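First the structure, in the form of structure tokens, and then the observations on it.
The values are calculated or read from the model by the stated rules, or taken from the named source; none is laboratory data. Computed from a predicted model, the values in this text were never measured in an experiment. Reconstructed Cβ throughout: ideal geometry from the backbone, glycine too, with neighbour counts over all protein chains shown. When the accessible area is computed, the model is the full protein with side chains, heavy atoms only, and any ligands, DNA or RNA have been set aside. Shrake-Rupley method; radii C 1.70, N 1.55, O 1.52, S 1.80 Å.
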Amino acid sequence: MGTKKYSPAWPHSELREIFPNIFFVMGTNITHYNGVDLQHSRNMVIIKNNHELSLINTVRLTDNGLAALDTLGQVKNVIRIGAFHGRDDDFYLDKYNATLWSIKGMNTENDGMANRELLANGNMPFPACSFFLFETSQFPEGVLHINQEGGIIITCDSIKNWLSSDEFFSDETAKLYEKQDFFGSASISNIWKQATQVQRADFNQLLTLPFRHLISAHGAPLLNTAHEQLKTSIMKTFID
């Protein structure tokens, strides 16, 4: 797998099937930001199309986790939908010789290696899927919409569903995020909003898509009430 330095395989959950051919794993993320060590959870979504797998919001798995992944099929696509994620993309791209799908303007080091651009109304890595772009965001960010189970949206940092801290948080980070009001259903973090300068119009446009479920890179899957919960979050976040 070359001489690249990959992030470690930190603790994670088992892979579980949320909907037919849609799998979910929650793992650990450790970062250092503004002089503070942070440890919180992050999620990877796996889409199975026949024998081909697409990984969204990659999380490096342990050897046991990779063995479980390999029983599902062959990794063909790595999909990056958020500018602030992607630390584990190279691991999967190199291990499986996969194709990277990303948004124009993302800082990807995998230039030229079978890269594909995610475009609204463009080709997609698997069927029944479309791409939504936050047009006003200063950093590339998008949403995948899957036409299944009444509609599913898969998000990165734009919409989180951390209801509370979980087993992959450090105590210090859990207390910090609670103080900063990070926890909530289908929430839009003020820190992400300020960093991207995203406008309400993008979220209003997202609401025109039919969906009932949300699977975010952060927090538990939100089933059945995602559209209503997001509408409430938008009203709380954008007071104008």
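Suppose the filter is crowded, with 16+ Cβ neighbours inside 10 Å, of a type outside the set (Val, Ile, Thr) and under 18 Å from CYS156 (Cβ atoms); does PHE84 pass it? No. Filtering the stretch 130-150 for residues that are over 23 Å from PHE23 (Cβ atoms), of a type in the set (Ser, Thr, Tyr) and free of Cβ contacts under 8 Å to residues at least 24 places away in the same chain leaves an empty set.
Residue-wise test of (1) on the phi < 0 side of the Ramachandran plot; (2) at pLDDT below 95; (3) part of a strand (DSSP E or B); (4) open to solvent by 20 Å² or more (accessible area, probe 1.4 Å).
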site	(1), (2), (3), (4)
ILE46	yes, no, yes, no
THR58	yes, no, no, no
LEU61	yes, no, no, no
ALA68	yes, no, no, yes
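Restricting the stretch 215-240 to residues that are open to solvent by less than 70 Å² (accessible area, probe 1.4 Å) and part of a loop (DSSP other than H, G, I, E, B) leaves a set whose member that is nearest to PHE23 (Cα to Cα) is PRO221. Restricting attention to the stretch 12-42, which residues are in contact with an Asp or Glu (Cβ under 9 Å, 6 or more places away or on another chain), exposed (fewer than 12 other Cβ atoms within 10 Å of the Cβ) and part of a loop (DSSP other than H, G, I, E, B)? The answer is PRO20, and nothing else. Which helices (runs of 4 or more DSSP H) sit wholly inside the stretch 103-214 and have at least 2 residues that are of a type in the set (A, V, I, L, M) and open to solvent by less than 80 Å² (accessible area, probe 1.4 Å)? Per the criteria, 171-179, 200-206.
Taking first residues from the stretch 226-240 that are under 15 Å from THR155 (Cα atoms) and partners that are open to solvent by 100 Å² or more (accessible area, probe 1.4 Å), the Cβ contacts under 7 Å between residues at least 6 apart in sequence or on separate chains come to ALA226/ARG212; HIS227/ARG212.
Within the stretch 58-82, the set of residues being of a type in the set (Gly, Ala, Ser) and free of Cβ contacts under 8 Å to residues at least 60 places away in the same chain comprises GLY65, ALA67, ALA68, GLY73.
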